[in-house]
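Visitor: Pasting a structure here, questions to come.
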Amino acid sequence: MRPLQISADTAVKLAEKLRIPIEQLMHMPQHILLAKLAELAKEEGAAPTASADESGEPAERKSGTGESAEDGE
């Protein structure tokens, strides 16, 4: 079986996200990796997004002036 055809940076990021050793990731069958990525995306979809703060409101909507972030740029 061939190692996955992904860059080193992508492999490091995926290994961190999936919480598995990079060696295990590189020798993982592609269909299993895709299943794990789908599961991870499903879990992240249920959780608040990274751009949202504790209130759950996206950062671009909180501007304190009542104007959108696009108006000030």
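Visitor: Using the beta-carbon distance between Gln5 and Ile32 and R0 = 25 Å, what value does 1/(1 + (r/R0)^6) give for FRET efficiency, to the nearest 0.05? Each step should come with its number before you reach the end.
Guide: Details: r = 15 Å, r/R0 = 0.62.
Efficiency at R0 = 25 Å is approximately 0.95.
Visitor: If you average 1/r across every pair of different Cα atoms in segment 1-42 and take the reciprocal, what Kirkwood value do you get, in Å? Could you put the intermediate results ahead of the total?
Guide: Working: mean 1/r = 0.0970 Å⁻¹.
Across segment 1-42, the inverse of the average 1/r is 10.3 Å.
Visitor: What does the net charge come to around Pro29 if you take all other residues with beta carbon closer than 12 Å to its beta carbon, with K and R at +1 and D and E at -1?
Guide: Numbers: positive: Arg2, Lys36; negative: none.
Local net charge: +2.
None of the figures in this text is laboratory data; all of them are computed from the coordinates on show. Every value quoted in this text rests on a predicted model; they were computed, and no experiment measured them. Note that each Cβ is placed from the backbone with ideal geometry, even for glycine, and that neighbours are counted across all protein chains shown.
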